[in-house]
Every structure is written in C-alpha cells, then in structure tokens.
Amino acid sequence: MISNLQLEYRGIKAKHIVFCEGYQMVDNPFFNSLPLVGSKGEILIIRSKKLQSKAIIKASIFLAPMGEDLYWAGATFERNDKTLQKTTKGREWIEERIQKIIASDYEVVEHITEIRPTVMDRRPLIGTHPDYNNVHLLNGFGTRGVLGAPLLSKWLFDHIEGECELPEAVNLSRF
Ligand SMILES: Cc1cc2nc3c(=O)[nH]c(=O)nc-3n(C[C@H](O)[C@H](O)[C@H](O)COP(=O)(O)OP(=O)(O)OC[C@H]3O[C@@H](n4cnc5c(N)ncnc54)[C@H](O)[C@@H]3O)c2cc1C
C-alpha cells in the first residue's frame, strides 16, 4: 500500500521507498512512463591460468580480474535488441578483442547478457514521484554506474532526508 502518509510492503512499514531496479524499471507502474531506453551488453567470463594479471586492462574492452584465474571480459553495446539472448556474434566480437590483448590460453566459462539502464538524453533519472512524496527513483546510470552511483545516491539521500534540491540535469522531473 502506498499513500503520502503511509508505506507498507509485506508487513514492513517504512517512511520512504527508493526503487533501484535498473532496466526492470520498465515494468514499474510508478515510473514506467520515463524514457528508459536500455542498451544490451554481452560479457564473457574467461579462465586463464597463465595470465596472472591483477590489473584491470582497458583497451577496446575491459579485462578485469575476478580471482581464481577468472576474468570479466566485455562488453558489447547493442541499442535495438532488448532481449537477454546470447549471440554468437557478440561472443566472437569479444573473443577477437581478448586475443588482441592477451597471448595466453584461456577458456570461456560463462557468457552473460544484461541490459544497461540507459536514458534517452543519456543522463541519470533520480528523484521523487510527482504524486507521492515518499516514492523515489534511483536509476538511469547508463553505461557509467560505477562512476556515477556513489554521488547520485548521496544526492538522492540528501534530497529525501535534507529536502535539498536535485540538480535539474539528473532530476526525473525534467520529463
Ligand atoms: C554489459 C555491461 C557493461 C557495463 N560496463 C560498465 C562500465 O564499463 N563502467 C561502469 O561504470 N558501469 C558499467 N556497467 C554498469 C551499468 O552500465 C549500470 O550503470 C549499472 O549496472 C546500473 O546499476 P543499477 O543498480 O541502477 O541497476 P542494475 O545493476 O541493473 O541492478 C538492479 C538490480 O535490481 C534487481 N531488481 C530489479 N527489479 C527488482 C524488483 N522488482 N525486486 C527486486 N529486485 C529487483 C535486479 O535483479 C538487479 O540486481 C555495465 C553494465 C553492463 C550490463
């Protein structure tokens, strides 16, 4: 149940709710009118015993160590396909780049697809629902969640608790 006075979910009562659902926001009835576009990315998890790299390598793709000889390699960028279908084309595209970066043998352990929560104007979507002052959104991190999430989360927290204004550039009220 949601109203401006009370918020309750499965017996949990709260003053506020913040939806941080990534691309799945498209199914959220409070916020699904916002222009979340979505950009599919494919990733390979590879194992290479010989590589022994502790550094994150950034070339045409990222190659990031995960421990136990595993590395995160990717990613592709696809605007039109919104499915989580893995593709041979995506796998080959990443493998071609891996082979340009490393000379060591490797095996592909996993092939993953995700949808990045990209926005039409390429800016984050944070703020409060226009009709419910206790329903909030933290989304639209696009391709740079690692960089943007800490500061944007703080801005949203200060907005909710301190009633500070959000910068217009990231406020969902721009739509
Ligand atoms: C292929 C790929 C490459 C990327 N490369 C980079 C990069 O190089 N640099 C960078 O900074 N970032 C990168 N990212 C991160 C990305 O671009 C996003 O910005 C970031 O993941 C967004 O974080 P988020 O928490 O908003 O959403 P997500 O990471 O999508 O997390 C949302 C979570 O909420 C869960 N969820 C959704 N709905 C519900 C619900 N109703 N109930 C409970 N749980 C729910 C989902 O299962 C998911 O775990 C990459 C992402 C992908 C997919």
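Assorted remarks:
- Number of the exception - Ser39 against (1) exposed (fewer than 15 other Cβ atoms within 10 Å of the Cβ); (2) closer than 30 Å to Pro167 by Cα: (1)
- Test result for Ile57, surrounded by 13 or more Cβ atoms within 10 Å (Cβ to Cβ) and at pLDDT below 95: yes
- Condition met for Thr128 (within 12 Å of the ligand (Cβ to nearest atom), surrounded by 16 or more Cβ atoms within 10 Å (Cβ to Cβ) and of a type in the set (Ser, Thr, Tyr)): no
- For region 138-153, filtered to residues that are under 21 Å from Asn32 (Cβ atoms) and open to solvent by less than 30 Å² (accessible area, probe 1.4 Å), the residue that is nearest to the ligand (Cβ to nearest atom) is Gly145.
This table checks each residue for (1) in contact with a Leu (Cβ under 8 Å, 6 or more places away or on another chain); (2) within 14 Å of Tyr23 (Cα to Cα); (3) open to solvent by less than 100 Å² (accessible area, probe 1.4 Å).
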{"position": "Asn133", "(1), (2), (3)": "no, no, yes"}
{"position": "Trp155", "(1), (2), (3)": "yes, no, yes"}
{"position": "Cys164", "(1), (2), (3)": "no, no, yes"}
{"position": "Glu168", "(1), (2), (3)": "no, no, no"}
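- Test: residue in region 107-119 that is under 24 Å from Glu165 (Cα atoms) and touching a helix residue (DSSP H, G or I) at 6+ places or on another chain (Cβ under 8 Å): yes
Okay, residues lined up against (1) within 11 Å of the ligand (Cβ to nearest atom); (2) in contact with a Pro (Cβ under 7 Å, 6 or more places away or on another chain); (3) of a type in the set (Lys, Arg):
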residue	(1), (2), (3)
Arg10	no, no, yes
Tyr23	yes, yes, no
Ser39	yes, no, no
Glu42	yes, no, no
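- Selection from region 32-55 of residues that are of a type outside the set (S, T, N, Q) and out of contact with any Ser or Thr (no Cβ under 7 Å at 6 or more places or on another chain): Leu34, Pro35, Leu36, Ile43, Leu44, Ile45, Ile46, Arg47, Lys49, Lys54, Ala55
- Every residue from region 136-160 that is in contact with a Phe, Trp or Tyr (Cβ under 6 Å, 6 or more places away or on another chain) and in contact (Cβ under 8 Å) with a residue 40 or more places away in the chain: Leu137
- Test: residue in region 6-23 that is under 22 Å from the mean Cα position of the chain (by Cα), assigned by TED's automatic domain parsing to the domain that holds Leu137 and in a helix (DSSP H, G or I): yes
The values are calculated or read from the model by the stated rules, or taken from the named source; none is laboratory data. Because the structure is predicted, anything quoted here is derived from the model rather than measured. Quick reminder, even Gly has a Cβ in these numbers, built from the backbone with ideal geometry, and neighbours come from all protein chains shown. These accessible areas exclude ligands, DNA and RNA; they are computed on the full protein's heavy atoms, side chains included. Shrake-Rupley method; radii C 1.70, N 1.55, O 1.52, S 1.80 Å.
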